[in-house]
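The values are calculated or read from the model by the stated rules, or taken from the named source; none is laboratory data. All figures in this text were calculated on a predicted structure; none of them were measured in a lab. Backbone-built Cβ (ideal geometry, glycine too); neighbour counts: all protein chains shown.
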Amino acid sequence: MEFGRSFPAATIMRQRFAHGTQFGAGRVRGGSRTVSQIVFAAPLVPFVFAMRAARRVAASHRDTMRLIAALPWFIVLAACWAAGEAWGALRGTASHGASDHGAPVRASHTAGVK
C-alpha cells in the first residue's frame, strides 16, 4: 500500500483506525475471533505486519532500503489499525462503511491509496 503525499498523516492515521474498527467488529460478529483474542493480540499486530512486509521485500530482493526508511511510519499506521481493531472488537457494533463515530468514511480518505 502506498499513500504518497496526498493526505496529512493524521488523516491517514484516522482512516487506518476506522478501517481497523470495522475489521475488528466484523471479526467478532462473524465469530472468527473473540474479543479477548483481538484485544490481547493488538500490541503484536504492528510487528506481525512489519514481519510480513519484510518477508515480501526479502523475497523480492529489492526495496530493502525503502522498507527500512518507511518502517517507523509503517509501525505507527499498523498500530492505528491494531488500536482500531481492538476498539471495534470491544464495541462490536461498528457497521460496514461507518467510521468509529458512526459517520460514513468519506471516499476521499482512501483516494490515492495504491
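Residue by residue, here is whether (1) among the β-branched types (Val, Ile, Thr); (2) modelled with pLDDT of 95 or more; (3) surrounded by 19 or more Cβ atoms within 10 Å (Cβ to Cβ); (4) touching a Leu at 6+ places or on another chain (Cβ under 8 Å) holds:
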| position | (1), (2), (3), (4) |
| --- | --- |
| 16 | no, yes, yes, yes |
| 44 | no, yes, no, no |
| 57 | yes, no, no, yes |
| 60 | no, no, no, no |
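Have a look at 38, 68 and point out the one that is in a helix (DSSP H, G or I) and surrounded by 18 or more Cβ atoms within 10 Å (Cβ to Cβ).
That would be 38, the only listed residue that is in a helix (DSSP H, G or I) and surrounded by 18 or more Cβ atoms within 10 Å (Cβ to Cβ).
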